[in-house]
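Nothing in this text is a laboratory measurement; each read-out follows from the coordinates by a stated rule. Remember, predicted model here, so these are calculated numbers, not experimental data. Every residue, glycine as well, gets a Cβ built from its backbone with ideal geometry; the counts of neighbours run over all protein chains shown.
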Amino acid sequence: MKAVTTLAALCPGAARKHGRVWVRAAMPHQSTVAARGRLVVTIHCSGDTVHGGPRPAVPILCKGAVMKFGFTNDKAEYDRVVAFRMAAIADGWTLAPTYEHEPAESHATMSRDGFKAHVKARIKQPGEKWKYETEVSLWGPDGLHIPTPEVYSMDTLVEALRVCPKCKAKDVDTVRYSFAGRCCNVCLPEMRRRHEYPGWAS
């Protein structure tokens with residue numbers, strides 16, 4: 001891990017809490033950020049949600065998020081993710097376990113018409129601080145991230161391919177920044193400046 005940056009470059013709302021961090025590329029759609037201490041966080045390229053660990057940890061909701069995910073004791077948040085998954089299945093999405101050792105009901109990889117999703121609805125072990133761990137991450141056929149709507153709708157996901165998550169402009173061409181971030185051409189210079197810092201892909 002060679003590059004050093006601050007969370008301000010990736011998620012301004014988290015920078016004040018976590019300060020300086022080491023950054024390395026993880027999966028094509030995200031960056032894993034490991035602080036010089038106990039905290040490890042994962043930041044999706046859109047900058048929507050930050051999840052802290054090791055457990056216990058507190059999810060940090062950054063500006064621009066559509067649906068809150070992370071560790072929670074609120075069963076309603078868990079139920080929303082399950083409902084999202086079930087609605088997607090009913091609408092023709094395929095479902096498979098993300099990991100061999102974990103059932104799809106806990107962590108699933110889903111797809112339909114080139115769209116991809118990772119859906120996490122974990123029930124934690126008794127005695128742990130948090131009862132649930134939830135997440136829905138979405139990518140379009142172009143491989144770019146899509147903000148997760150509160151309620152599943154394929155029409156909403158298709159429309160999101162031409163919506164800029166940064167300025168909210170609708171029916172515009174969207175392009176890639178960083179690993180899988182999505183924005184319009186007007187916002188592209190700013191998003192590249194904020195996310196594609198020196199060594200960002202190292």
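If you average the alpha carbon positions of the range 93-159 and of the range 167-202, how far apart do those two centres end up, in angstrom? Between the Cα centres of the range 93-159 and the range 167-202 lies a distance of 23 Å.
Packing-based ranking of 139-152, 96-109, 166-179 yields 139-152, 166-179, 96-109, ordered from highest to lowest mean Cβ neighbour count within 10 Å.
The length gained on full extension between Lys168 and Thr156, counted as 0.36 nm times the residue separation minus their Cα-Cα distance, comes to 3.0 nm.
Once you have a ≥ b ≥ c as the square roots of the Cα gyration tensor eigenvalues for the range 66-161, tell me rounded if a/c is under 1.5, and otherwise prolate or oblate according to whether a/b is larger than b/c. It comes out prolate by the Cα gyration axes. Each Lys or Arg adds one and each Asp or Glu subtracts one; over the other residues with Cβ under 14 Å from the Cβ of Leu95, this totals +1. The relative contact order of the range 66-161, computed from alpha carbon pairs under 8 Å that lie at least 6 residues apart in sequence, is 29 percent. Amide H to amide H distances under 5 Å link Lys124 with Tyr132, Glu133, where only residues 5 or more positions off or on other chains count and H is placed in the peptide plane.
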